[in-house]
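Here is the structure we will look at, set down as structure tokens.
Taken together, the values in this text are just the output of simple stated rules run on the coordinates, not laboratory data. Predicted, not measured: the structure shown is a model, and the values here were computed from it. Don't worry about glycine lacking a Cβ; one is built from the backbone with ideal geometry, like all the others, and counts go over all protein chains shown.
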Amino acid sequence: MTKILKIITNPNKILRKKSKDIPLQNVKSKPFQDLLDNMAETMLKKDGVGLAAPQIGENIRLFVINTKVGPEFFINPVIIKKSWAKETAEEGCLSVPNFFGKVKRHRQVVVDYINRKNVKQRVEATGLMARVIQHENDHLDGALFIDIATDIHEFTGEEND
Ligand code: CO
């Protein structure tokens, strides 16, 4: 049974810590696989495009992103290449609810990581996926989009009750 995890919101020290690498012998363990399922479920339920482990209280190098073919887990990710070209777009974050801002990111990145089957992967991402990877990877280093965003604004939408 998967469960929805509690999302930590800013300000909180956990969001500001540098996360640690995950020992790969743990990847196939049941508790770790359950954590992955719970993170994916939480991301989908909260309508996030990505979710990093510090956001659910774990300072480990792990994030999940929602791709066209379903959730993909990035364990111990390392961005090994960044395009010279950058792109600015609006971002938000489940840990900074209701705030949005414009963030300049590399248009293209190449990232090495371990997937949930404990297999080494290399992926080249462009556009939104490249943006999400950079945003989530920042979480692992204790950085939030509001640290680098411009035109930060609050949007709570219509209040209905
Ligand atoms: Co975020």
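The condition of being surrounded by 12 or more Cβ atoms within 10 Å (Cβ to Cβ), of a type outside the set (D, E) and touching a Ser or Thr at 6+ places or on another chain (Cβ under 8 Å) holds for I56.
Of all the listed residues (V103, V96, V111), the sole one being β-branched (V, I, T), in a strand (DSSP E or B) and within 16 Å of the ligand (Cβ to nearest atom) is V103.
For the range 19-58, a residue qualifies if it is within 16 Å of the ligand (Cβ to nearest atom), assigned to a loop (DSSP other than H, G, I, E, B) and touching a residue at least 12 places away in the same chain (Cβ under 8 Å), and the qualifying residues are S19, K46, G48, V49, G57, E58. When T2 is tested against (1) touching a His at 6+ places or on another chain (Cβ under 9 Å); (2) assigned to a loop (DSSP other than H, G, I, E, B), just one condition goes unmet, and that condition is (1). Of the residues making up the range 124-133, none is within 16 Å of the ligand (Cβ to nearest atom) and among the acidic types (D, E).
Remark: pairs (first residue in the range 127-156, outside any helix (DSSP H, G or I); second residue of a type in the set (V, I, T) and within 12 Å of the ligand (Cβ to nearest atom); Cβ separation under 9 Å; 6+ apart in sequence or on different chains) = L144/V96; I148/V103; A149/V103; T150/V103; I152/I146. Could you tell me whether T9 is of a type outside the set (D, E) and over 23 Å from D151 (Cα atoms)? For T9, the condition - of a type outside the set (D, E) and over 23 Å from D151 (Cα atoms) - is not met.
Of all residues in the range 76-93, none satisfies the criterion of being within 16 Å of the ligand (Cβ to nearest atom) and on the phi > 0 side of the Ramachandran plot. Residues of the range 43-97 that are of a type in the set (F, W, Y) and either under 10 Å from the mean Cα position of the chain (by Cα) or closer than 18 Å to I114 by Cβ (or both): F63, F73, F74.
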